[in-house]
Amino acid sequence: MAVQMEVSRIIISESGDTQIVVLREVDGDRAFPMVIGIFEATSIDRRVKRQHTPRPLTHDLLTSVIDQMGGELQDIYISELRDYTYFAQLRIKQNGEMIEVDARPSDAIVVALVGNVPILVNESVIDEATS
């Protein structure tokens, strides 16, 4: 079962390599952190603060390519947590068909924010991440 989550907090360390995004359940109290890269953290932070750039960044480009090719980003789905690594998919509807594209969760979260689509997380991932 998929649970809708939202970005509730971003921690950007200026002196270290560890950046964290915290996802929180939209209709509940559960939350969990994910360690992500500095570029993704910065992109998420920009989106949450609604800061626009004069030219498209990579995540903007990806969303534009999906649109231009006749696809519609439905949501992103964080499907698995294996060996401390999260796995996600961009779920795109094109020509009546659902296409799932493998993605790093941090990139997928930025794309979800760019495309204004839900961030969904498998219930088992939440259980494992919060235990």
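Counting each DSSP H run of 4 or more residues in the chain as -39500 (n - 2.57), what helix-only mean residue ellipticity at 222 nm follows after dividing by all residues, to the nearest 500 deg cm²/dmol? Kindly include the intermediate steps, with their values, before the conclusion.
Details: 4 runs with 40 residues, N = 131.
Calculated mean residue ellipticity at 222 nm is -9000 deg cm²/dmol.
Picking from G28, G96, G115, which is most flexible by a Gaussian network model of the chain using Cα springs under 10 Å?
Result for the chain, Cα springs under 10 Å: G96 fluctuates most.
Restricting everything to alpha-carbon atoms, can you work out Rg to Rh for the range 88-131 with a Kirkwood hydrodynamic radius?
Values: Rg = 11.9 Å, Rh = 11.6 Å.
Result: Rg/Rh = 1.03.
For the range 1-105, with every protein chain kept in place, what is the accessible area per residue (1.4 Å probe, Å²)? Provide the component values of the computation, followed by the final result.
Values: 7020 Å² over 105 residues.
Roughly 67 Å² per residue, with all protein chains present.
For the range 1-51, I need the span (max minus min coordinate) of the C-alpha atoms along each principal axis, in Å, sorted largest to smallest.
Result for the range 1-51: principal-axis Cα extents of 36, 23, 16 Å.
Calculate what fraction, in whole %, of the accessible area of the chain sits on carbon and sulfur atoms when a 1.4 Å probe is rolled over the protein chains.
Details: 3790 of 7990 Å².
With neighbouring chains kept in place, the figure for the chain is 47 percent.
First obtain the Kirkwood hydrodynamic radius of the chain from its Cα pairs, then insert it into the Stokes-Einstein equation at 10 °C and 1.306 mPa s, and state the resulting D in µm² per second as a whole number. Don't skip to the end; give the middle numbers.
Working: Rh = 15.1 Å.
This corresponds to a translational diffusion coefficient of 105 µm²/s.
Using the per-residue mean of other Cβ atoms lying within 10 Å as a proxy for protection, in what order, highest first, do the peptides 60-73, 35-48 fall? Each step should come with its number before you reach the end.
On the way: 60-73: 14.6, 35-48: 18.4.
Ranking the peptides 60-73, 35-48 by packing returns 35-48, 60-73.
Tell me the label-point distance for the pair R46, I99, using the 7 Å Cα-to-Cβ offset, in nm and rounded to one decimal.
2.5 nm
Which far-off residues, 5 or more places away or on another chain, put their amide H under 5 Å from the one on I99, with H placed in the peptide plane?
HN-HN under 5 Å from I99: I92, K93, Q94.
The values are calculated or read from the model by the stated rules, or taken from the named source; none is laboratory data. Since the model is a prediction, treat every value here as computed from it, not as a measurement. Note that we place each Cβ from the backbone using ideal geometry, even for glycine, and neighbour counts take in every protein chain shown. When the accessible area is computed, the model is the full protein with side chains, heavy atoms only, and any ligands, DNA or RNA have been set aside. Shrake-Rupley method; radii C 1.70, N 1.55, O 1.52, S 1.80 Å.
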